[in-house]
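Okay, structure first, notes after.
Read-outs: derived from the displayed coordinates by stated rules, not from any lab. All of these numbers come straight from a predicted model, not from anything done at the bench. Using ideal geometry, Cβ is built from the backbone for each residue, glycine included, and neighbour counts are taken over all protein chains shown.
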Amino acid sequence: MGIINTNSAVFLLVAATLVWAATGISWKFFSLAGIAFIVIFLVSRLFKFLAVWFISYYRIKQREPIKNFRELGIIFLNACFSVGTPFFYFLAISETSVSNAYFLLYTMPAWVLIAAVLFLGEKITKKKIAGLLLTTCGILLIASPWNGGFQISLGLIFGLLSAFSHTGDIITSRELKDYSYHTVSFYTNLMQLFIVAAMTPLLLNPGDLQIGLPNIAILAVTGALLGIASDMYYHALDTLEASRAAIISFSELIFAVVLAFIFFSEMPNGSELAGYALILIAGAIIIFRKADIERFEHLLRFTDRQ
């Protein structure tokens, strides 16, 4: 499949965000059904990996070999963050609403910005300060300080931890920018399976496996859809500018709120809705600032490639 036109790229991107929102919502169903995170992740990521592999094979995309142990280590770090993000998200939706968990996860741009200022020496500007202040205010509003007093809940903590982990995912992904998407996706998803397989004996209880074939089938479909959505996303990026794609990606948040209302009757209160709006505005301000994104690869103080 070659380069597509702009309208098709936007459609693919919106479809990908809808799939991500639907799969994110599905985790709430799995949680309420008593399915352990380790089972959810193991089955869904297995079929996500198979989908990524099949798409790569179908499109005859050759994977580049990993150049050295250093870059293999970066793939491992990326895989660790990729496991950590859904893990903390899963914990967050167990303690707060899906909508709150989603918007806390999407405070990620602010944390990437802070890392850039602290470790890259980026200058503080009015736009950056505005983005950070709006993000902070959004978090405070989601915490609902006027509803029984401000409390740092577990849902808030886990939601922010998922955002921090997502930040690490993005930073390490930048270090792998010389590889094709299919190469990075193949190896990071494979590494995720290895990590979860190593964790399984420690976290899995015998009763966790008694979830029935229908649930396994749903998890398998969920994983396959994640793989397809990721491919649609990166295929759309071949046509769309990164900033435009990032803004369109925010539609995932809207889809998540609507689906949470439809399936779980979750209705955010006024304070939470105001917090969501501030986080969206902050994300837009941060994304459209003229920052040297290429320098994110040095956040972890990696040496230059030889």
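Remarks
- Other-chain or far-sequence residues with amide H under 5 Å of Asn269's (modelled H): none
- Three-way shape label, segment 1-105, alpha-carbon gyration tensor, a/c 1.5: oblate
- Computed from the Cβ-Cβ distance with R0 of 25 Å, the FRET efficiency linking Glu241 to Ile129 stands at 0.50.
- Only Lys, Arg, Asp and Glu carry charge here, each on its Cβ (+1 for the first two, -1 for the last two); on that basis the chain has a dipole of about 500 debye about its Cα centre.
- Modelled FRET efficiency - R0 25 Å, Ala277 with Asn7, Cβ distances, 0.05 increments: 0.35
- FRET E, pair Asp208, Ile66, Förster distance 30 Å, beta-carbon r, rounded to 0.05: 0.35
- Among residues other than Val117 with Cβ under 9 Å from its Cβ, the summed charge is +1 (Lys and Arg +1, Asp and Glu -1).
- For segment 73-201: rounded, prolate or oblate by the Cα gyration tensor [a/c cutoff 1.5]: oblate
- Helices in the chain, meaning DSSP H runs of at least 4 residues, each add -39500 (n - 2.57). Divided by all residues, the mean residue ellipticity at 222 nm is -25000 deg cm²/dmol.
- The chain, relative contact order [Cα under 8 Å, separation at least 6], %: 43
- Kyte-Doolittle mean at least 1.0 and Cα axial length at least 20 Å: DSSP H helices in the chain: 6-32, 37-58, 69-95, 126-142, 181-203, 213-237, 270-287
- Cα-based Lys pair tally, the chain, threshold under 16 Å, eight or more apart or on separate chains: 5
- Summing Lys and Arg as +1 and Asp and Glu as -1 over all other residues whose Cβ lies under 14 Å from the Cβ of Phe76 gives a net charge of -2.
- Net charge in the neighbourhood of Ala101 (other residues with Cβ under 14 Å of its Cβ; Lys, Arg +1, Asp, Glu -1) is -3.
- Computed Rg/Rh of segment 6-298, alpha carbon atoms with Kirkwood Rh: 0.95
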